[in-house]
Amino acid sequence: MNKERGVNAQYQIVDVVEMVVIGLLAGTISMVQIVKVWADEVLKKMTDWEEVPVDTTIGHIVKLLTQGGISWN
């Protein structure tokens, strides 16, 4: 199953997974907190992101993921 987002999508699934993982490592427990972690200028500079998505966008993209759609290749 292909879960690629369109070429005009500002954030790809891999971007959001990275945001969530870094957020979890920072101790977050909600999408709002993940956005607050990523508001850090150092993280944004490390990833070359000028802005981060709002919490609802992160949640929407995370909902696209299913266990069956994850490939371990």
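Residues with beta-carbon under 14 Å from that of residue 46, excluding residue 46: net charge, scoring Lys, Arg +1 and Asp, Glu -1?
Residues near residue 46 contribute -4 overall.
Once the mean 1/r over all distinct Cα pairs of segment 13-63 is inverted, what Kirkwood radius in angstroms do you read off?
10.7 Å
List the relative contact order of segment 13-63 as a percent without decimals, with contacts defined as Cα pairs under 8 Å and 6+ residues apart.
So the answer I get is 41 percent.
Each value in this text was obtained by applying a stated rule to the coordinates, not by laboratory testing. Owing to the predicted nature of the structure, the values given are computational and were not obtained by experimental measurement. Heads up, the Cβs are rebuilt from the backbone with ideal geometry, glycines too, and the neighbour counts pull from every protein chain shown.
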